[in-house]
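Shown next, in structure tokens, is the structure this report addresses.
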Amino acid sequence: MGRSSKDKRDIYYRLAKEDGWRARSAFKLMQIDEQFQLLQGVSKVVDLCAAPGSWSQYLSRQLRTEESSSKGKIVAVDLQAMAPIEGVIQLQGDITKESTANEIVSHFSGEKADLVVCDGAPDVTGLHDVDEYIQAQLVLAALNITTHVLKEGGAFVCKVFRGKDVTLLYSQLKVFFTEVVVAKPRSSRNSSIEAFVVCQNYKQPEGYVPNMSNPLLDHKYDEDFNQLEGPNRVIVPFIACGDLSAYDSDKTYPLQMEGKEYTYHDPVQPPINPPYKDACDRKKGKLGETDSSKTEHKDLPQP
């Protein structure tokens, strides 16, 4: 019952497994790409905060075709380990470290990337102001490393949380890109505050020197500081991506759909070493030899 109810809850979750994607988020990049044609003329891409790898999967499928299996080079970066993906170079590293940026460029033979994407997000608390602030700092970290690895004229796509202070973030992005648009893919739930900034035509400001140790924005989130007026006020266009006749991510669909028999599929790639694994093992009484397994754990349920 758990399986069928979970599959029934989210059509894109179900379709992701049927189509071989590691996560439903693959449809978000797919719909953004269809709207903006991000991959035209692109051969070098960096996927930040890549795990579990659905965006890297999409990039690999689009750039590494049968006709040209070596056309695209994709570098995926994440702190977590990620199962291998054909045609994707994986780096387990910190995007706030300059050494990570240097290693990315080394895989491109000293050249810089045409496109940088980032679908990273913190563990949300449900407090929108807090979540927005933390996500903004993650976006700035992604933007910081992007200034080290993206070529002039390149593009940057990143997840943001649209809250009352997001204009400050848009202003910073406009410093580095001539075109900034906010996109909301059809596969992103309307009830979610997430959206994606699509920044095109990267142009480094005159005299700016990329520096990992210096945050791009001042940590001033008080009310007066964010009252951007006159030439400082930035209104970023908002675009809904995806066919309006496509599946609605907020709607529940039946398992048996017209002309298509439903079959349950296991997840494409289960987590390699999830943080909750130790807790699950303890709950089942499967403590390792190195743990204090010889002592009694009266607070743990027996298997």
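Using modelled amide H (1.01 Å from N, peptide plane; none on Pro or chain starts), what sits under 5 Å from the amide H of Tyr262, excluding residues fewer than 5 places away?
The answer is Met257.
With the calculation restricted to Cα positions, what are the radius of gyration and Dmax of the stretch 157-214 in angstrom?
Just the Cα atoms of the stretch 157-214 yield Rg and Dmax of 13.2, 42 Å.
Among the listed pairs Lys44/Lys164; Lys97/Lys164; Lys151/Lys174; Lys28/Lys164; Lys44/Lys174, give every one whose C-alpha distance is greater than 27 Å.
Exceeds cut-off: Lys44/Lys164; Lys97/Lys164.
Once fully extended, how much extra length lies between Glu206 and Glu152, figured as 0.36 nm per residue of separation less the alpha-carbon to alpha-carbon distance?
That works out to 18.2 nm of additional length.
Could you go through the stretch 84-89 in sequence order and give the Karplus-derived ³J(HN,Hα) for each residue, using 6.51 cos²θ - 1.76 cosθ + 1.60 with θ = phi - 60°, rounded to whole Hz, and x for Gly and Pro?
x, 10, 4, x, 10, 8
Since every read-out is calculated from the coordinates, none of them should be taken as a lab result. Computed from a predicted model, the values in this text were never measured in an experiment.
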